[in-house]
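K.L.:
Mind looking over this structure? Questions follow.
Laboratory data are not the source of any read-out in this text; all were calculated from the coordinates shown. Note that the structure is predicted; figures quoted are calculated from it, not measured. Heads up, the Cβs are rebuilt from the backbone with ideal geometry, glycines too, and the neighbour counts pull from every protein chain shown.
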């Protein structure tokens, strides 16, 4: 392979790795947001357990819209367990489920960060090779 072809090949590889890195970083941001959402959910479950029955509150429907309501049961919640199937769980069971999800997502985040670092290292090495060809 001629030196010019090698240079083009390395440059294309560099561009592909850059795109891969950008996608990995986007995934990392999304996972971080998901972890924060799970942490907030865990905090909300604590608040519910410490809230007296029949306490009036605002129930978020989404996009800044709330419904006035009162808390009838502060010991259980209804959770979506997948495939649009919802089951009633105690607050303790719900917190356990959320904690398991947080651990799984955090473990995935560690793997993702490792992949990001490996990709960055490959990019730096490839950049040195490209600069050495000039």
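K.L.:
From the list 74, 36, 44, which residue is touching a residue at least 24 places away in the same chain (Cβ under 8 Å) and within 25 Å of residue 101 (Cα to Cα)?
P.N.:
The conditions single out 74.
K.L.:
Could you tell me whether segment 99-117 includes any residue that is in a strand (DSSP E or B) and within 20 Å of residue 49 (Cα to Cα)?
P.N.:
no
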